[in-house]
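Okay, structure first, notes after.
The values are calculated or read from the model by the stated rules, or taken from the named source; none is laboratory data. Remember, predicted model here, so these are calculated numbers, not experimental data. Cβ coordinates were reconstructed from backbone atoms using ideal geometry, including for glycine residues, and neighbour counts include every protein chain displayed. Ligands, DNA and RNA are excluded from the accessible area calculation, which covers all protein heavy atoms including side chains. Shrake-Rupley method; radii C 1.70, N 1.55, O 1.52, S 1.80 Å.
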Amino acid sequence: MSKQIHLTSGPITSQLIRLCLPLLAANVLQQLYNIINSLIVRHYIGGDAFAALGVAESVMNLFIYVITGACMGASVLVARFFGERNFPRLRRQLFVSGVLIGGTTLVAVTLTQLFLPQLLRLISTPDELMADTTAYLRVILVGMLFTFAYNYLAATLRAIGNTKAALYFLLASLGYNLLAAWILVAQMKLGIVGTALATSSAQLLSALLCLAYMRKKLSFLRIRKTDMHLEPMLMRLTTSYAAVAALQQSSLYLGKLMIQSAVNGISTDAISAFTATTRVENFTQAFGISACEAIAIFVAQNQGAKQYRRANRGFLQGFAITTAIGLGFSLLLGFFAQPMVSLFLGDDLQSIPLGVSYLQLMAWFYFLSFIGHSYVGHYRGIGRMNITFFGTTLQIVVRVIGTYLLVGAMGLDAVALSTGLGWVVIVLFHSTVYLLERRGIGYHLPSEDGPPPKQA
């Protein structure tokens with residue numbers, strides 16, 4: 001389990017698949033946290049609690065995606081230093097990223113706890129959902145510190161090609177989460193707070209397992225006293241990589257909060273339908289996100305080893321595989337929307353048609369999101385975080401503006417159509433930038449033994 005995958009030589013396609021499969025399993029398992037909570041809340045507590053969970057998770061997901069974005073951004077540097085075999089600098093980088101990202105997470109959690117009522121009113125949370133939403137978030141926000149710890153450690157393992165270890169630990173914590181949620185909610189009757197306690201403690205367990213494994217099996221990652229200083233160069237690099245990646249994710253989820261606010265103004269049925277479709281979308285998006293991570297790790301390691309042409313070949317092969325997967329999901333969402341939505345909504349006859357219409361409209365555009373993931377992996381791997389940030393910001397602006405312009409006439413379908421148009425825009429943007437690069441306009445790919453690319 002401690003074996004790393006060295007990506008700078010050998011067959012590219014098989015290496016990408018070996019990277020991607022454990023990442024996919026981990027991302028799917030991560031989505032199962034939310035799915036388990038949703039099913040338990042729906043079955044044991046009720047429809048209003050399920051809707052409250054959807055509103056709460058629009059806030060919670062902002063934290064999760066900023067944290068994961070920052071950790072993935074910083075892990076690009078880990079992968080690069082690993083490709084260079086520069087282990088002392090790798091350890092110093094781990095210390096710097098831990099201090100900067102962990103400290104920022106602590107400050108953000110504290111501020112959100114202080115201003116949580118105001119935040120929930122800002123996103124138009126219905127009064128009947130306010131108590132449950134607040135209770136859930138009070139607990140889950142504390143758990144964001146454990147979420148950071150796990151993602152920081154797991155991203156490090158993935159960056160060195162060890163994608164299986166974090167998967168095993170996540171699997172163990174998922175089993176724990178299922179048992180704990182059943183005990184706390186079904187047996188002890190703690191309501192929605194029980195689901196938050198189960199999820200937070202499960203994240204703590206997965207972080208502790210990762211830490212123990214790394215200390216025992218991967219001594220070259222063990223931070224020593226001599227590594228514990230905030231080297232200015234590494235601080236600048238980490239800020240550049242992690243902060244821009246976090247800004248990319250925060251712009252996406254701030255936009256989603258605004259979209260959630262628009263949905264909240266439609267009806268409780270629309271909130272429930274949107275919560276269910278978000279579960280479906282998050283689960284299927286795990287496949288694209290995993291491909292993005294695999295491409296980024298492959299490209300970054302080869303950048304560190306100065307194998308620039310090989311890095312680009314890895315991106316192109318990953319692009320083809322990811323696009324094919326996206327086309328498959330477009331078909332699945334189009335033809336199986338009703339059973340997917342019914343899994344979360346049961347016999348809710350008012351919400352199910354809304355969710356089905358949403359997924360069927362989105363299916364026309366869905367494969368484009370997977371193309372976008374491929375480009376993000378490429379640009380993240382070569383360190384051009386600004387490209388992913390601009391693309392994501394452009395996408396979310398289209399989604400938010402489209403939603404607010406159309407929601408009065410189309411209801412929940414306005415969100416689906418605007419999301420699809422956002423994917424059209426981001427693919428056009430990334431494709432244009434990439435083609436300009438290949439033609440030698442602006443940034444260009446260096447020769448195999450030339451200097452590394454400039455960082456934006």
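A compact table of results
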{"item": "Convex hull of Cα atoms in the chain, direction-averaged projection (nm²)", "result": "20.3 nm²"}
{"item": "Percentage of interatomic Cα-Cα distances in region 76-228 larger than 29 Å", "result": "31 percent"}
{"item": "Mean accessible surface per residue for the chain, computed with a 1.4 Å probe while every protein chain stays in place, in Å²", "result": "39 Å²"}
{"item": "C-alpha long axis of helix 87-114 to longest principal axis of the chain, angle in °", "result": "20 degrees"}
{"item": "Expected 222 nm ellipticity per residue - DSSP helices of 4 or more, -39500 (n - 2.57), all of the chain, to 500", "result": "-28000 deg cm²/dmol"}
{"item": "Ranked order, D348, D127, D132 - accessible area, probe 1.4 Å, largest first", "result": "D127, D132, D348"}
{"item": "Convex hull per residue volume in Å³, alpha carbons only, for region 233-350", "result": "118 Å³"}
{"item": "Share of alpha-carbon pairs per 10 Å distance bin for region 20-111, given as whole %", "result": "14, 31, 31, 17, 7, 1"}
{"item": "Cα centre as origin, Lys/Arg/Asp/Glu Cβ charges: the chain dipole, Debye", "result": "2200 debye"}
{"item": "Carbon + sulfur, % of accessible area of the chain - ligands and nucleic acids excluded, 1.4 Å", "result": "69 percent"}
{"item": "Nonlocal Lys pairs with alpha-carbon distance under 27 Å, the chain (8 or more apart, or different chains)", "result": "11"}
{"item": "Neighbour-limited loop hits for trypsin sites (Lys or Arg not before Pro), region 65-157 (at most 16 other Cβ within 10 Å; DSSP other than H, G, I, E, B)", "result": "R85"}
